[in-house]
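Report on the following structure.
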Amino acid sequence: MADSGFARRARPLLGTLVELGLPASQSDRAELAWRAVERVQRCMSRFDADSDIARYNAAPARSRIDVRPCTARVLRAAREMERRSRGVFDVSLGTGAWSLDGLVLIKHHDGGLIDLGGIAKGEAVDLAVRALRGAGVTAGWVNAGGDLRVFGDIDLPVLLRNEDHGGATPWMRIGDGALATSHYAPGSRSQLHGRIAQAHVSVAAPSCRLADALTKIVAATGDTRHPLLKDHGAQAWLH
Amino acid sequence: MRVLIGAAPAAIGVLALAPASAFAIDYLSAQQVQQLMFAQADRFDARELAFDAAQLQRIEAASGVRARSARWSVHVARKGEATLGYVVIDQVIGKYELITYAVGLAPDGSVLQVEVMSYRESHGHEIRLPAWRRQFVGKTASAPIKVGEDIANISGATLSCTHVSDGVKRIVSVMDFARREGLLQ
């Protein structure tokens with residue numbers, strides 16, 4: 001907006017509202033960020049029948065599915081997080097083993113499903129930010145329904161939504177980093193398998209993909225001082 | 001990474017006690033969204049579509065989507081005598097939010113672009129009240145409703161955009177019907 005010098009745009013993508021902010025004088029570059037987000041949606045959305053993930057989910061056991069490089073990159077990151085969290089982080093949600101051989105995704109069991117959900121959203125945000133920076137955008141942010149990344153010389157105020165009554169409360173400011181928030185409650189989109197009945201879990205981390213993945217680990221363990229947070233230079237809150 | 005906490009995270013009570021305020025962002029005015037979607041257009045002609053009950057039934061039967069409203073406002077993007085496409089603006093209501101969005105359609109009725117024009121988050125249940133919704137009618141990006149700092153972002157449960165997606169489908173079917181019936185000439 002004119003007051004702050006930032007132009008804001010929002011589109012319905014990734015099953016949520018994706019917002020971006022960039023200096024008004026550079027707003028013509030917003031299209032690059034949208035293209036990056038749409039590419040991730042095409043590759044990794046469960047709901048897009050042609051995506052790599054939807055093709056995996058529909059395939060029988062022992063299928064070998066060719067995946068695009070961006071999908072392979074997120075799958076490798078997911079596998080790494082699974083290993084380091086000793087299986088707490090699991091994009092198959094226990095439905096069956098998978099493996100990745102270069103750009104080939106192998107399904108080991110019938111009924112095996114993958115949902116990259118949050119980390120794909122985080123990846124989309126990171127790639128959108130990379131596209132903007134690559135085009136010379138000096139500062140801004142991308143927020144995919146609570147997966148937020150801020151870059152450049154700006155500290156972005158973040159408000160926390162009240163899930164019971166609507167409205168929002170000032171909470172924090174973040175600059176040059178990412179913040180992912182998930183809400184866990186009966187009936188909410190994100191479901192907890194661990195110890196917390198109802199809470200917001202937020203993680204600040206250097207990248208959005210990492211921040212989103214780490215919210216799952218904090219949610220499942222209830223541990224805001226989980227060693228993986230420190231390893232990745234991240235901080236967590238339950239609130 | 002720079003993190004500055006306003007309300008201490010340990011003080012859950014503080015968060016619960018702090019008053020939640022309404023939150024509103026204006027992204028684009030009607031004029032801005034038209035120009036963004038059809039930069040080549042030299043003018044936008046307004047068309048009011050009014051459907052009778054029988055037409056609404058036919059739209060519903062053809063698309064499986066309820067047309068919801070009998071009146072639709074369409075802006076036709078033109079360059080000289082050529083029709084470049086259409087812009088339709090609509091509003092949908094979610095759990096606590098009211099979203100105004102615009103759909104840009106090609107002359108053949110396919111969707112070119114969807115842009116959110118404004119996002120309003122209420123506190124409490126006033127979102128269901130017509131008076132609350134009316135106060136935003138006619139607001140544009142040049143007259144933003146300022147709530148707190150105007151670059152603030154919102155975090156929390158992932159907002160579902162199903163109602164926007166359903167709205168886009170509805171607009172596609174309404175426009176398809178209007179085109180077939182020659183109402184956009």
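Being touching a helix residue (DSSP H, G or I) at 6+ places or on another chain (Cβ under 7 Å), more than 19 Å from A:Gly96 (Cβ to Cβ) and at pLDDT 95 or above is the filter here, so list the residues in the stretch A:42-83 that pass it.
Hits for the stretch A:42-83 are A:Cys43, A:Arg68, A:Cys70, A:Ala77.
Working only within the stretch A:72-112, note down all residues that are among the charged types (D, E, K, R) and surrounded by 12 or more Cβ atoms within 10 Å (Cβ to Cβ).
A:Arg73, A:Arg79, A:Glu80, A:Glu82, A:Arg84, A:Asp90, A:Lys107, A:Asp110, listed by residue number.
Out of A:Asp28, A:Asp52, which single residue is crowded, with 21+ Cβ neighbours inside 10 Å and either within 14 Å of another protein chain (Cβ to nearest Cβ) or more than 18 Å from B:Asp26 (Cα to Cα) (or both)?
Residue meeting the stated conditions: A:Asp52.
Of all residues in the stretch A:138-175, which are β-branched (Val, Ile, Thr) and more than 7 Å from chain B (Cβ to nearest Cβ)?
Passing the criteria: A:Thr138, A:Val142, A:Val150, A:Ile154.
Surrounded by fewer than 18 Cβ atoms within 10 Å (Cβ to Cβ) and either facing chain B (nearest Cβ under 10 Å) or in a helix (DSSP H, G or I) (or both): does that describe A:Gln41?
For A:Gln41, the condition - surrounded by fewer than 18 Cβ atoms within 10 Å (Cβ to Cβ) and either facing chain B (nearest Cβ under 10 Å) or in a helix (DSSP H, G or I) (or both) - is not met.
Which numbered condition in (1) at positive phi; (2) more than 10 Å from chain B (Cβ to nearest Cβ); (3) at pLDDT 90 or above is the only one that A:Cys208 fails?
For A:Cys208, the exception is condition (1).
Could you list, in sequence order, the residues of the stretch A:44-91 that are under 22 Å from A:Leu229 (Cα atoms) and either outside any helix (DSSP H, G or I) or among the polar types (S, T, N, Q) (or both)? Before the answer, list the steps.
Taking the stretch A:44-91 as the starting set, the residues that turn out to be under 22 Å from A:Leu229 (Cα atoms) are A:73-91.
A:Ser85, A:Arg86, A:Gly87, A:Val88, A:Phe89, A:Asp90, A:Val91 - these are the residues of the stretch A:44-91 that are under 22 Å from A:Leu229 (Cα atoms) and either outside any helix (DSSP H, G or I) or among the polar types (S, T, N, Q) (or both).
The values are calculated or read from the model by the stated rules, or taken from the named source; none is laboratory data. Not measured: the values here are computed from a predicted model. So basically every Cβ, Gly included, is an ideal-geometry build from the backbone, and we count neighbours across all protein chains shown.
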